[in-house]
Amino acid sequence: MIDITSLTKQFDKTPALDGLELHVKKGSIYGLIGVNGSGKTTALKIVTGILRPDIGEARMDGEPVYDNLSLKARMGFIPDELFFFGSYSLTECASFYKRLFPGWNAERFAEMKERFALPERRRVTRFSKGMQKQAAFMLTMSAMPDFLILDEPIDGLDPLVRKLVWKYIVDDVAARSMTVLVSSHNLREMEGICDSIGILHRGKMLIERDLDELKSDLHKVQVAFPEGSGSGADNAAAAVERYNGLELLHRETRGTVELLIIRAPEDIVRSVIGAQNPLIFDLLPLSLEEIFMYELGGEHSELGAIIF
Amino acid sequence: MNSALSYFKPSAALLRENLKRFWGVPAIGMVCWFFAGIFPLLADGIVNNNWFFETIAEMHNPFFIFFSIAFPFVASGVTMRYLFSTASSSAMHTLPFTRGKLFCTSFVSSAVMSLAPAAVTFLVLSLVGGGILMLVPFALTVLLMLFYTAMFHIAAMLTGNAVLYTGVSGILAAALSGAVLLVGLYGQALLYGFTLNGVYETYAVRFTPLLYIALTSPDYEPVWLAVYILSVPVMYAIGAALYSRRRIERAGDSFTFTWFETLFTFIITFAGMTIMSLIFEASELGEFPLNLGSIVGAALCFLIARMVSRKSLRVFNRRTLVQGGSYLCVIALMLCTLVFDLTGYERRVPDARDVKSVSIVGSLSYHLFDTLEIEFTEPENIRHVTALHKMMVNDSRSRTNTGIREGDILMNFSLNYALAGGELARSWSDYITMESANESLKALFESREAKAQADILNPDLGTPAGITLDAPYGMMSSSYYGGSVTLSSDDYGEFLSALNKDIQSETWEEFISPHPDVVNVNIAYNVYDQPPSMQPPLYGQSSSGSFYSINKSIEIPPHYSNTITWLKQNGLHARLTEWQKRILSAELYDRSTANNYPWEYETLYISDVALIQSALGCGRNHLTYTDYSMHWELTVFVEVDDKNYGWHDQREYNGVMVPVTIVNISLPPDAPILKELIASAK
């Protein structure tokens, strides 16, 4: 479990985080979304104990993170900007990590070495950016961390490697209840991976939600009614009456077809709309982007600029 | 608690990695130590290298001293380098290390990398002949290296990049000594009586252990070595405390603490202000410390320091204005304190009852007591010294511009007091009137302590080994007329007793009375208790053992009746004054009639030899009268025998060129002989 409470951090009087609250459940994957400069990296550096907050605190399993040796031994962090000892090969890095991390898993490392197929004896600093990211991932994952913090983890990785990376993460979450906090500026990347999402904007948490909970209450509906039944763009007043009992977040008409975004439990949606005898009535899948856009007030919200 | 303990527990894993990654530092160190410490032995042969070992033992090998600071600087820099970039500092602080562990590991790594080559070198040196003699220099090298490793770790904590780390390391290494010197510069310029001698000079060296160990070897004071040893954990604690407060996000910035940014700006501005002011003073463009240079230097260095601190040329903002204003206030306060002596420094004269002893050092001591330093411990004499001190404070002529009068003499001297609660020193370069009314000087001159100091029979001086008598008057070498006398050792006892009697009975009034000197005496003493480090030719060997020589030169004035009587009784007086019979003529001119140049003087020619001989006794004594411009100069020409003694000036007498030497006598304008000389002039 990772908890951030009332976190405030300024750099030379420029606020980077402003009262940030963030909560990651044990054994879950939490996606921290935000545009460049929103404070994601700062938040992660505080979570990993690199930076000290001005106000507030970051805790893992209830313990403060800052300068906490036992927590650091259980934590893995892959920053966006990587660093390796200048002359070290992957093998040398691994032997260093082996001495540092009590949970080091040599078998895991050997297996990952085969899967990622990186040169063992070449200096890691001579690797390409993508290869360095893979190397960092191999080292971190072989340390078998209980907490994995990733800053823009798949930038520079090809699709096959991305898939492999996520597989390892998801497997460890499932097998060891590893807690993952991952930042990204792209919401689409997080879809299908994260259990929870937090959207950071100008140092504040705009919204923090459990995705299952979000998806179960928000529905995208495509519906059409027989002619003369009052459907269409010109009959908004009739629509309010027709969908009475549903929270209509968005309504769009395309000819005789209406596209609706509704917040309500699925069975209620089905019973209210079904009672109107629609010609077409489809429940369409909702993308993560749409969920957050409508959750926060519709497509004209400034969120659009944040998450796409 | 665990976090605090981690400051004393290095990480074995990281220590190993540091030594593996930075192996180049000890490797280069080994090469340097080898060429400075072992190679000379191989080149010269190990036998008969006692001198080399002694040089090392006394910490006089400049390379060893340099390595003692250079390698800690390099080693601390490379191990702390990760703090200078965002990526590396983030990576290191993510790994399972506390800050305490990182700091401790870095310190231990740096110390090991610096010390290992030194340890190997000293081990080899001790095995090939240095033996146990190498133990002390090795211990001192370890102390220096640990001291500077701790200091440079502080520099690394304060700075965010390698360039500033270098600069701040230099500032820290020289900070305390530099501060003492700066205080000295401003004190000397603005405080009457301020001195860098004594306590200040002492601290300037002691505040930099490298200087202290290199310059004062082998006479180290245990208390200062203890201070250096204690400084290591203190500086380590400061470095560790700074690390715990360091903001990692400031990696790459110039400085990691805002307060140090301000301090750095002030230090650079103050240094720039001082240096430019001194340069302008040297160029005669105003007096230190306030001149155009100080303003230009301060403004320029302030802006440069701000730009360096902010890593930007855009420093013209409110914060710069506030910082500049603060600097001006601090400097104004400092200058006001010094100029108006708000601390009462100038007027402070210690109560004689609080003084355990006092030394007079400098020209005053030299002129009055024939020694550069004389110490008084008797309460009565201490009281007279404090009275002299009061006189200097209350009668400070150069400051009150009361003018210089006849009888004044410019004295550069210090009073160094040993007080019950410490030390106090004052120094002046000012005029003192040598007058009989000066009760303090009279009392000190005639005091038992001063006379004991002047006792030429004191066994502590050594064994008289040679006494030569010569004519006075500087250029007038006795060699020219064969008048130099070397006494037989049988005569030493009688002669020295007579001379000592005169010295002991000489009164203040006799001492300051205008008189010429009659004879110069040079006494050589052999001292058989020579310091072991002295090398030939400063000491020699005799049947009594090895010795070194000291010389004492004494001018015999006319009132040394016992000495002159002895010279006459032994037929030496006539011989020593025989040169006066060889006077040929003289020239006289009045300095006050011309500005600066001798060729502007109107010269009078005097051929009355008897009159010239009378004038010889009218010159002043060795206490130099200051107002030479009002004096008349009598240039006396004395015939010499150039067949034996080489080249000389030639003057024509009766159509014949005669080799001559010259004696110059300065006659005050009120000297009665002057009128007779002018009257007899052709």
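Every number in this text was worked out from the coordinates using simple rules, so none of it is lab data. Keep in mind it's a predicted model, so treat the numbers as computed, not measured. For neighbour counting, all protein chains shown are included, and Cβ atoms are generated from backbone atoms with ideal geometry for every residue, glycine included.
At-a-glance table
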item: Share, in percent, of DSSP beta bridges within region A:69-215 that are antiparallel, nearest 5; result: 45
item: Dipole of region A:1-123, positive direction: furthest Cα of A:LEU51, A:THR14, A:PHE83, with charges on the beta-carbon; result: A:PHE83
item: Calculated FRET efficiency for the pair B:VAL609/B:LYS501, C-beta based, R₀ 41 Å, to 0.05; result: 0.75
item: Local electrostatic count at A:PHE77 - Lys and Arg +1, Asp and Glu -1, tallied over other residues with Cβ under 10 Å; result: +1
item: Share antiparallel - DSSP beta bridges, the protein assembly as shown, percent rounded to 5; result: 85
item: Partner chain coverage, peptide A:6-15 - average Cβ within 10 angstrom; result: 1
item: B:GLU58 paired with A:SER287, simple spin-label distance in nm, labels 7 Å along Cα-to-beta-carbon; result: 8.6
item: Sequence-separation-based contact order of chain A, relative, with Cα cut under 8 Å and 6+ spacing, percent; result: 20
item: Cβ crowding within 10 Å averaged over residues, with B:266-275, A:140-149, B:312-321 ranked highest first; result: A:140-149, B:266-275, B:312-321
item: Chain B, relative contact order [Cα under 8 Å, separation at least 6], %; result: 9
item: Calculated diffusion of chain B, Stokes-Einstein form, Kirkwood radius summed over Cα pairs, 10 °C and 1.306 mPa s, µm²/s; result: 51
item: 15 Å beta-carbon shell around A:VAL223, net charge (K/R +1, D/E -1); result: -1
item: Cα→Cβ-extended label distance, 7 Å offset, between A:ALA117 and B:GLU494, nm; result: 11.6
item: Among beta bridges that DSSP assigns inside chain A, antiparallel share in %, nearest 5; result: 70
item: For region A:63-179, Kirkwood radius (reciprocal of mean inverse C-alpha pair distance, Å); result: 14.4
item: Given A:LYS72/B:LYS20; A:LYS26/A:LYS133; A:LYS13/B:LYS9, the pairs whose alpha carbons are separated by over 29 Å; result: A:LYS13/B:LYS9
item: Spin-label zone in region B:45-88 - amide nitrogen under 20 Å from a point set 7 Å from the Cα of A:ASP155 along the C-beta vector; result: B:85-88
item: Chain B: angle of helix B:222-245 to the longest principal axis, Cα-based, in degrees nearest 10; result: 30
item: Shape call, region B:200-337: gyration tensor on alpha carbons, a/c limit 1.5; result: oblate
item: Amide proton proximity set for A:ALA16, modelled H, under 5 Å, gap of 5+; result: A:LYS9, A:GLN10, A:PHE11
item: On Cα atoms only, tilt of B:318-339 relative to the major axis of chain B in degrees; result: 30
item: Kirkwood Rh, angstrom, the protein assembly as shown [1 / mean 1/r, Cα pairs]; result: 37.4
item: Estimated 222 nm signal from helices in chain B, with DSSP H stretches of n ≥ 4 weighted -39500 (n - 2.57), rounded to 500; result: -15500 deg cm²/dmol
item: Mean residue ellipticity (222 nm) of chain A, computed from DSSP H runs ≥ 4 via -39,500 (n - 2.57), nearest 500; result: -10000 deg cm²/dmol
item: Dipole magnitude of chain B about its Cα centre (Cβ charges: Lys, Arg +1; Asp, Glu -1), debye to nearest 20; result: 4880
item: Size of region B:53-154 as Cα extents on the principal axes (Å, biggest first); result: 51, 22, 16
item: Global geometry of region B:149-256, whether rounded, prolate or oblate, following the gyration tensor of its Cα atoms and the 1.5 cut on a/c; result: oblate
item: Highest to lowest packing among B:279-290, B:363-374, scored as the average C-beta count within 10 Å; result: B:363-374, B:279-290
item: Net charge of neighbours whose Cβ lies under 13 Å from the Cβ of B:PHE97, counting Lys and Arg as +1 and Asp and Glu as -1; result: +3
item: Those aspartates and glutamates that a straight Cα-Cα span of less than 18 Å connects to B:LYS311, excepting residues fewer than 8 apart in one chain; result: A:ASP12, B:GLU249, B:ASP253, B:GLU261
item: Debye intensity ratio I(q)/I(0), log10, chain A, q values 0.13, 0.16 Å⁻¹ (C-alpha model); result: -0.93, -1.22
item: Shielding score for B:384-391, defined as the mean number of other chain Cβ atoms within 10 Å; result: 0
item: Chain B: angle of helix B:135-158 to the longest principal axis, Cα-based, in degrees nearest 10; result: 60
item: Only Lys, Arg (+1) and Asp, Glu (-1) charged, at Cβ; the protein assembly as shown dipole about Cα centre in debye; result: 3640
item: Residue-averaged beta-carbon neighbours from other chains (10 angstrom radius) around B:139-146; result: 0
